[in-house]
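Colleague: Just dropping this structure here.
The values are calculated or read from the model by the stated rules, or taken from the named source; none is laboratory data. What you see is a predicted model; the values in this text were computed from it and never measured. Methodologically, a virtual Cβ is constructed for each residue, glycine included, from the backbone with ideal geometry; neighbour enumeration extends over all protein chains shown.
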Amino acid sequence: MGVAAARHWISPQEYLAGELTAEVKHEYVDGEVFAMVGASRRHNRIIHNLILRLDPTARKRGCNSYSTDLKVRITTANAYYYPDFVVACDKADRDEYVIEAPALIVEVLSPSTEAVDRREKRVNYGKIPSLMEYLTVAQDRRRVEVWRRGDEGLRVEVYESGAFRLNSLDCEVSLDEIYADVEGL
Amino acid sequence: MTLVGTSRWLPPEEFLANEPQWNRRCEYVNGAAFDVAKRDSVHDRIVENLTKALTPLAEKCNGRLDTSGVKLRVEAANAYYYPDLLFTCEERRADPVVYAPELVAEVAAANTLGVDMREKLAAYRTIPWLKEYLVIQIDSRQADVWRRSAKGWNCVMYGVGGPFRLESLGATLSVDQLFD
């Protein structure tokens, strides 16, 4: 038999314990783990711009922002993701490694993650009751999709210039700020 | 404010009614529609080889194969997908939607691997009738067979070489045969 390998269902506890010592980060969806890949210079520049623009606003409101290395748990999907940028405001949400009540999540799209970010993660992040906005930010052109919680579910607004409102942080953010010094954009 | 576009949450009934008029196939995932990813000739060849191998077995057990022409409804995920191949024994319906597949297969290229291995795996596993989910990975020439067992789902990954079984159809296949 040309058996390459067998995979077994992994419990959330096994996954969380493994992540403390694993050499690469993994995301977890209902028994399966998926290794994360490195990112581009532009991807990273955009994340830095988000931190510079939004962290002071977040902290003024008693919230905190985190990037790339902190997990968000989606209980109803039995999933753990590492968002590119996340803002958490709930004082009761204090675990050292996992955020359960984010107010804002941002993913910077790349060719290998775009479909997952726009489909799977949009659905699963939408299941988090505290989440007010989910942003996907393109890195090959200026384009931000703002998914907001509506009565029926998440609805989207698309921006390619100008500025948009973030209800989660009660502020306006411009695309110039998000794409500052991003090469070619 | 320069807003380029907005879209509200799309109800599944509206997707189902409107998608045939869009002139392109779209998958639906809980409120939003996405273009079906482009497929190349290697992809089509693998689907063809798989279909050729499975058709006689599907006929023998009074079921039918469908390749990319029908939508698959996944109730728990509120999704409609176009799988590359499925096998079902349910009656043909007036609307081209399948609800109860026993086997689903996806041929995964770099642009669909994330969706096939993550989103669709999680969604397909919620279909009560599904016995097996086959993912054929083009780049690594590998076949992953996900199978429902008494203890949940498990996966065996097969590389180039020896044969593997699809219990849902009693088929014996090989990775080489699919990539022929």
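Colleague: Check region B:35-44 and report whether any residue there is within 14 Å of chain A (Cβ to nearest Cβ), within 23 Å of B:VAL115 (Cα to Cα) and free of Cβ contacts under 8 Å to residues at least 40 places away in the same chain.
Modeller: The answer is yes, given that some residue of region B:35-44 is within 14 Å of chain A (Cβ to nearest Cβ), within 23 Å of B:VAL115 (Cα to Cα) and free of Cβ contacts under 8 Å to residues at least 40 places away in the same chain.
Colleague: Same structure again: Where residues in region A:134-160 are exposed (fewer than 15 other Cβ atoms within 10 Å of the Cβ) and either out of contact with any helix residue (DSSP H, G or I) (no Cβ under 9 Å at 6 or more places or on another chain) or not charged (D, E, K, R) (or both), which of them is nearest to A:ILE47 (Cα to Cα)?
Modeller: Restricting to residues being exposed (fewer than 15 other Cβ atoms within 10 Å of the Cβ) and either out of contact with any helix residue (DSSP H, G or I) (no Cβ under 9 Å at 6 or more places or on another chain) or not charged (D, E, K, R) (or both), the top hit is A:ARG141.
Colleague: Same structure again: Test of understanding: among B:TRP146, B:TRP153, B:TRP129, which residue is under 23 Å from A:HIS8 (Cβ atoms) and either within 15 Å of the chain's Cα centre (by Cα) or crowded, with 21+ Cβ neighbours inside 10 Å (or both)?
Modeller: Of B:TRP146, B:TRP153, B:TRP129, the one residue that is under 23 Å from A:HIS8 (Cβ atoms) and either within 15 Å of the chain's Cα centre (by Cα) or crowded, with 21+ Cβ neighbours inside 10 Å (or both) is B:TRP146.
Colleague: So, A:SER65, is that one more than 30 Å from B:VAL175 (Cβ to Cβ) and either out of contact with any Phe, Trp or Tyr (no Cβ under 6 Å at 6 or more places or on another chain) or within 11 Å of another protein chain (Cβ to nearest Cβ) (or both) or not?
Modeller: For A:SER65, the condition - more than 30 Å from B:VAL175 (Cβ to Cβ) and either out of contact with any Phe, Trp or Tyr (no Cβ under 6 Å at 6 or more places or on another chain) or within 11 Å of another protein chain (Cβ to nearest Cβ) (or both) - is met.
Colleague: For A:LEU104, indicate whether it is crowded, with 23+ Cβ neighbours inside 10 Å and hydrophobic (A, V, I, L, M, F, W, C).
Modeller: Values: crowded, with 23+ Cβ neighbours inside 10 Å: yes; hydrophobic (A, V, I, L, M, F, W, C): yes.
For A:LEU104, the condition - crowded, with 23+ Cβ neighbours inside 10 Å and hydrophobic (A, V, I, L, M, F, W, C) - is met.
Colleague: OK, next. Within region B:60-78, is there a residue that is surrounded by fewer than 20 Cβ atoms within 10 Å (Cβ to Cβ), free of Cβ contacts under 8 Å to residues at least 24 places away in the same chain, more than 12 Å from chain A (Cβ to nearest Cβ) and among the acidic types (Asp, Glu)?
Modeller: no
Colleague: Which ones in region B:30-50 are out of contact with any Phe, Trp or Tyr (no Cβ under 7 Å at 6 or more places or on another chain) and either farther than 24 Å from B:ALA77 by Cβ or at pLDDT 95 or above (or both)? Don't jump to the end; show me each part of the working.
Modeller: Going residue by residue through region B:30-50, those that are out of contact with any Phe, Trp or Tyr (no Cβ under 7 Å at 6 or more places or on another chain) are B:30, B:32, B:34-35, B:37-45, B:47-50.
The answer is B:ASP40, B:SER41, B:VAL42, B:HIS43, B:ASP44, B:ARG45, B:VAL47, B:GLU48, B:ASN49, B:LEU50.
Colleague: In region A:87-130, how many residues are among the aliphatic types (A, V, I, L, M), more than 11 Å from chain B (Cβ to nearest Cβ) and outside any loop (DSSP other than H, G, I, E, B)?
Modeller: Summing the residues that are among the aliphatic types (A, V, I, L, M), more than 11 Å from chain B (Cβ to nearest Cβ) and outside any loop (DSSP other than H, G, I, E, B) in region A:87-130 gives 9.
Colleague: A follow-up question, please. I'd like to know if region A:37-46 contains one or more residues that are touching a strand residue (DSSP E or B) at 6+ places or on another chain (Cβ under 8 Å) and either within 14 Å of another protein chain (Cβ to nearest Cβ) or exposed (fewer than 15 other Cβ atoms within 10 Å of the Cβ) (or both).
Modeller: Looking for residues that are touching a strand residue (DSSP E or B) at 6+ places or on another chain (Cβ under 8 Å) and either within 14 Å of another protein chain (Cβ to nearest Cβ) or exposed (fewer than 15 other Cβ atoms within 10 Å of the Cβ) (or both), one finds none in region A:37-46, hence no.
Colleague: Given the conditions (1) touching an Asp or Glu at 6+ places or on another chain (Cβ under 9 Å); (2) at pLDDT below 95; (3) hydrophobic (A, V, I, L, M, F, W, C); (4) farther than 19 Å from A:VAL29 by Cα, report the number of the one that B:ALA94 does not fulfil.
Modeller: (1)
Colleague: Now, a different point. Using the structure shown, decide if A:VAL137 is of a type outside the set (Lys, Arg) and in contact with a Phe, Trp or Tyr (Cβ under 6 Å, 6 or more places away or on another chain).
Modeller: Considered against the rule, which asks whether it is of a type outside the set (Lys, Arg) and in contact with a Phe, Trp or Tyr (Cβ under 6 Å, 6 or more places away or on another chain), A:VAL137 comes out as no.
Colleague: Considering only region A:157-185, how many residues are touching a Cys at 6+ places or on another chain (Cβ under 8 Å) and either assigned to a strand (DSSP E or B) or within 14 Å of chain B (Cβ to nearest Cβ) (or both)?
Modeller: 1
Colleague: Go through region A:69-86 residue by residue and tally those that are in contact with a strand residue (DSSP E or B) (Cβ under 8 Å, 6 or more places away or on another chain), closer than 19 Å to A:ILE51 by Cβ and in a loop (DSSP other than H, G, I, E, B).
Modeller: 4
Colleague: Taking the condition within 13 Å of another protein chain (Cβ to nearest Cβ), of a type in the set (A, V, I, L, M, F, W, C) and buried (at least 20 other Cβ atoms within 10 Å of the Cβ), does B:ALA122 pass?
Modeller: Taking the combined requirement at face value, the residue satisfies it.
Colleague: Follow-up question, since we're still on this one. Can you pull out every residue in region A:1-24 that is at pLDDT 90 or above, loosely packed, with under 15 Cβ neighbours inside 10 Å and in a loop (DSSP other than H, G, I, E, B)?
Modeller: If the condition is that a residue be at pLDDT 90 or above, loosely packed, with under 15 Cβ neighbours inside 10 Å and in a loop (DSSP other than H, G, I, E, B), then A:SER11, A:LEU20, A:THR21, A:ALA22, A:GLU23, A:VAL24 are the ones that fit.
Colleague: In region B:91-116, which residue that is without any contact (Cβ under 8 Å) to a residue 12 or more places away in the chain and away from chain A (no Cβ under 14 Å) is surrounded by the fewest Cβ atoms within 10 Å (Cβ to Cβ)?
Modeller: Top of the filtered list is B:ALA94.
Colleague: Which of the strands (runs of 3 or more DSSP E) contained wholly in region B:44-97 include at least 2 residues that are of a type outside the set (A, V, I, L, M, F, W, C) and within 30 Å of A:ALA77 (Cα to Cα)?
Modeller: Values: elements: B:64-66, B:71-74, B:79-81, B:85-88.
Because the criterion is at least 2 residues that are of a type outside the set (A, V, I, L, M, F, W, C) and within 30 Å of A:ALA77 (Cα to Cα), the strands (runs of 3 or more DSSP E) in region B:44-97 that meet it are B:71-74, B:79-81.
Colleague: Among the residues of region B:24-43, which ones are part of a loop (DSSP other than H, G, I, E, B) and of a type in the set (Val, Ile, Thr)?
Modeller: Within region B:24-43, B:VAL36 is the sole residue that qualifies.
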